[in-house]
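Here the structure comes first, spelled out in structure tokens, and everything after it is commentary.
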Amino acid sequence: MADLGILPAIVSALAVNKATHAGNSGNSNGPARKPVLTLTRNQQDQTFNALYSLGKAVLILGGVGGAVWGGRKIYLNWKANKESNQGLNEANPSSFAKQIRLAIAGPGTNEEALREVFRKIPSYAFWLKVIQSYNAQYHPRKIINDLEDDLGPTEYVEMMAILNAKKDITAAQKFNFWAERLKAAFDYQWMGIPQTDEEAVYSVFRELPNRQSFVVLAKVFEVKYGEPLIDALQSELDQSEQKKVAQIYQSKTS
């Protein structure tokens, strides 16, 4: 069995699934996905804002890493505070439409705020009302077109998977959508550089109802994508990020 490092809390839960995949091989870690040089989410935010707002950026990719000037993080924090102050009326589709518009309007998209709004949509029928409200409030804009324009391919897949899971579906279908969201988070790219959307990963695990659901999700993920979920987590997340996943797991009941 591969060394599971900082994930001891979920080793026993996934051991059978992992051992079945590993077979007689001595090490099933496989090649790491992340490039040698990666940028943190904060560095991404700084670079993005520099390109959009300041019109100048110096990005050095190599042994010495990257140097960036920008303030998109400040802008997004201000934007998040503004959204929080306005509040979210969970009985009013118009309120959701406004929050979505706030998250995607202006330079850059506040993906974390957008994700939280989508997670709070109570049902797919309610989402259809949000679509109608958004299209009416911001005519001639269309919400689907705006989401396609503002989100990267993997982020769009994640948001649609969140919405699809709100349909009247079976438990198996819900796990399938969770697996799709994890894959989208692992395949995330920024400016053509492979990255991992850690917050999207955490978001999925927070939604799982209990520890047993981690096991089910791991099996669904492996069947769907041909890779053990433990291996994907090891290659996509650093130790501190793996530790956060383990903490989410430990917070669940059996």
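Values in this text are rule-based calculations from the coordinates and carry no lab data. Source: prediction; values computed, not measured. Methodologically, a virtual Cβ is constructed for each residue, glycine included, from the backbone with ideal geometry; neighbour enumeration extends over all protein chains shown.
Data overview
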{"quantity": "3J(HN,Hα) from dihedral phi, the stretch 102-119, Karplus parametrisation 6.51/-1.76/1.60, rounded to Hz, x for glycine, proline", "calculated": "4, 6, 10, 7, x, x, x, 10, 7, 5, 5, 5, 5, 4, 5, 4, 5, 5"}
{"quantity": "Distance from the stretch 97-142 to the stretch 172-215 (C-alpha centre basis), Å", "calculated": "21"}
{"quantity": "Listed pairs LYS120/LYS174; LYS183/LYS219; LYS98/LYS243; LYS129/LYS219; LYS98/LYS167 exceeding 25 Å between Cα atoms", "calculated": "LYS98/LYS243; LYS129/LYS219"}
{"quantity": "Full-stretch length increase - LYS129, SER251 - with 0.36 nm per residue and alpha-carbon distance subtracted", "calculated": "40.5 nm"}
{"quantity": "The stretch 173-231 - charge dipole about Cα centre, Lys and Arg +1 at Cβ, Asp and Glu -1, debye rounded to 20", "calculated": "300"}
